[in-house]
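Worksheet: one structure, shown below.
The values are calculated or read from the model by the stated rules, or taken from the named source; none is laboratory data. Since the structure is predicted, the reported quantities are computational estimates derived from the model, not experimental observations. All Cβ positions, glycine included, derive from the backbone under ideal geometry; neighbour counts span all protein chains shown.
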Amino acid sequence: MLVEGHSARVRSLNLVGLKRAGLIDTGDRQIFQPLKQAFRILYRSGLSLNAALEKLETLLDNEYVQHLHRFLQLSQQKGRRGPTPGGKSGHEGEEDE
C-alpha cells in the first residue's frame, strides 16, 4: 500500500513494488484484480476491520489476498501492535513499545 500526506492516508496499491517483487504482471488480471478488490474493501468501503476481513473471505482463492488476510488477522492478536503502526493495542494492561 502507498501512504501519503500529513496525517498519512493509504492512497493505493504499491504497483511498482508488486512488479519489482515479481508478484504481478501488468496483463495478469487474475492476480491484480483480487488485490485491487481487497484494497477497496479495506480502505474505501468504510467497514470496520473485522467486517472487512469477513468480506475479504470471498476473495481467498487468491494466494496474495490470503496472505494479506492472514497478516491482518494476526495483527489483532494479543501482544501485537495492530494493523496501524503506533496505534493502541486495545488490550488492557499493555503498553505500546
Going through the stretch 32-46 in order, the residues found to be over 19 Å from residue 9 (Cβ atoms) and either surrounded by 15 or more Cβ atoms within 10 Å (Cβ to Cβ) or of a type in the set (Phe, Trp, Tyr) (or both) are 32, 34, 37
With respect to residue 71, is the statement that it is hydrophobic (A, V, I, L, M, F, W, C), exposed (fewer than 15 other Cβ atoms within 10 Å of the Cβ) and either touching a Ser or Thr at 6+ places or on another chain (Cβ under 6 Å) or part of a helix (DSSP H, G or I) (or both) true? yes
So residue 30 fits all but one of (1) modelled with pLDDT of 80 or more; (2) farther than 15 Å from residue 68 by Cα; (3) in a helix (DSSP H, G or I); what number is the exception? (1)
The one condition in (1) under 20 Å from residue 9 (Cβ atoms); (2) surrounded by 17 or more Cβ atoms within 10 Å (Cβ to Cβ) that residue 62 fails to fulfil: (1)
In this structure, is residue 49 of a type in the set (A, V, I, L, M, F, W, C), out of contact with any helix residue (DSSP H, G or I) (no Cβ under 6 Å at 6 or more places or on another chain), modelled with pLDDT under 90 and surrounded by fewer than 12 Cβ atoms within 10 Å (Cβ to Cβ)? no
